[in-house]
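The values are calculated or read from the model by the stated rules, or taken from the named source; none is laboratory data. If you're wondering where the values come from, they're calculated on a predicted model, not measured in any experiment. In this analysis, Cβ positions are derived from the backbone assuming ideal geometry, glycine residues included, and neighbour counts consider all displayed protein chains.
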Amino acid sequence: MGAEAAPTIKTMTKHNKILLVLALVLVCVTAFMYYHPGIFPMSGFSGPEGYVVSPANARLTGDSWRYIQGGHALLHGEPLEDIHRSYLGYCLLYGIAGRGIVFLHLAFAIAALAALYNIGLRIGGQICALLAAALFALNPEFAAWHCAIMTESIYTSCVCINAFLALWAMEKGHAWRMPMVFAWILLTAFIRPTGWIQVPAILLLWCFALVPRLQWKVLCALAIVIGYVLYSIMFAEGGIQQQSPTIKLYSGEVVWCEDLWRVKMPEADFSKNGLLDGLLYGLRHPIASGWLVIKRLGVMFLRIRPSYSIAHNLFLLAYHLPIALLGLAGIVLKRRLPQAWAIATMLAAHAFVVALTFNDNDGRFTLYFTPLLAIAACATLVHCYERFICRPRPQSEN
């Protein structure tokens, strides 16, 4: 048992039967959730009145209409609104896929399944890979989002795929893969505004893994972080800035448009709402701002919501809390492996976005990194099994 020796795409063929079974399970769970939408309730549809039937045979929820409008505008050469430009990648995919959008979601999800399985093989062996992939395939929450006209399904899948590709590009003697992988990651960043956080995350992963000396690693990392922050402040109209982080900071918002868990913040001038204004406010009020960040991250990992039923919240706690605790332990246990660094950077990047903005009231922001964190959680379970249960017994003396 234990981590397998760096399987490449070619050597993955021996695992094809397992992946095929898992893919069929994923499709079956998605089909079940498609025909039983009441199992996982979503927020109400906010499109035009009387618009009841989905044009894509998919579930409609709060933000679905923006993607339908954007896709229609792109197909017919009509001008895009600002909100459509922020989700340009998904609007384009919806415009192309149309009624087949659920099948497109499933195609990305199956690719993500293979990526998760591959990373699991490298970090903890076949049992780890099987458990992590099964947690993704069997989870009805992921399946529900596969059925909806929303960015969550494809974006979550892309986070998994991008982590695998970043590791694939890091393999010794294959530096030529990096520009190609980086170009793909840039394309996937257009799916949703916060997708741009993947760019510095992957660059930091490559920096710490490949730059030879510690001082050069630090300088390179500082350059990446400073460059991204300056770009966000000076030029970016989308990304994190799309979520009004400074206004959310002033109002002490933990969950979007909900007073629950809201933090009472010191008085602020709401007319000063730039990223730099928010940074200066946080420096002036570090205790209140720090407590707000802690509450946002705590709610992000716990995943429960007061509007959900008791059964729904119990399921979320039973699924997400062990993954969070075991996943963080797994990152520490496997800290010498690049796979652990890939998981850690994607986790930190998306946690950073939530720390600066808010948790959505349906908890979907937690899903972006959960499949990767589940790999580290499964690696912890395999490690504990090998260490404490499957230890070789001492031979008795004759």
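Residues are listed down the side, and each one gets a yes or a no for (1) touching a Cys at 6+ places or on another chain (Cβ under 6 Å); (2) within 19 Å of ALA143 (Cα to Cα); (3) modelled with pLDDT under 90:
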{"residue": "ASN57", "(1), (2), (3)": "no, yes, yes"}
{"residue": "GLY62", "(1), (2), (3)": "no, yes, yes"}
{"residue": "ILE83", "(1), (2), (3)": "no, no, yes"}
{"residue": "LEU92", "(1), (2), (3)": "no, no, no"}
{"residue": "PHE103", "(1), (2), (3)": "no, yes, no"}
{"residue": "LEU106", "(1), (2), (3)": "no, yes, no"}
{"residue": "ALA114", "(1), (2), (3)": "no, yes, no"}
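Scanning the range 91-109 for residues that are surrounded by fewer than 24 Cβ atoms within 10 Å (Cβ to Cβ), more than 13 Å from PRO371 (Cβ to Cβ) and either in contact (Cβ under 8 Å) with a residue 40 or more places away in the chain or among the aliphatic types (A, V, I, L, M) (or both) yields a count of 11. Right, ILE294: closer than 26 Å to TYR250 by Cβ, surrounded by fewer than 17 Cβ atoms within 10 Å (Cβ to Cβ), free of Cβ contacts under 8 Å to residues at least 60 places away in the same chain and not charged (D, E, K, R) or not? Yes. On the given criteria, is PHE315 surrounded by 18 or more Cβ atoms within 10 Å (Cβ to Cβ) and free of Cβ contacts under 8 Å to residues at least 40 places away in the same chain? Criteria met by PHE315.
So, GLY327, is that one in contact with a Leu (Cβ under 7 Å, 6 or more places away or on another chain) and either part of a helix (DSSP H, G or I) or among the acidic types (Asp, Glu) (or both) or not?
So GLY327 fits the description; yes.
Filter the range 131-154 down to the residues that are in contact with a Ser or Thr (Cβ under 8 Å, 6 or more places away or on another chain) and assigned to a helix (DSSP H, G or I) and list them by number.
PHE142, ALA143, TRP145, HIS146
Look at MET180 and say whether it is farther than 20 Å from LEU372 by Cβ and at pLDDT 95 or above. Yes, satisfied. Give me the residue from the range 297-307 that is buried (at least 17 other Cβ atoms within 10 Å of the Cβ) and of a type outside the set (A, V, I, L, M) and, out of that set, farthest from PHE352 (Cα to Cα). That would be ARG305.
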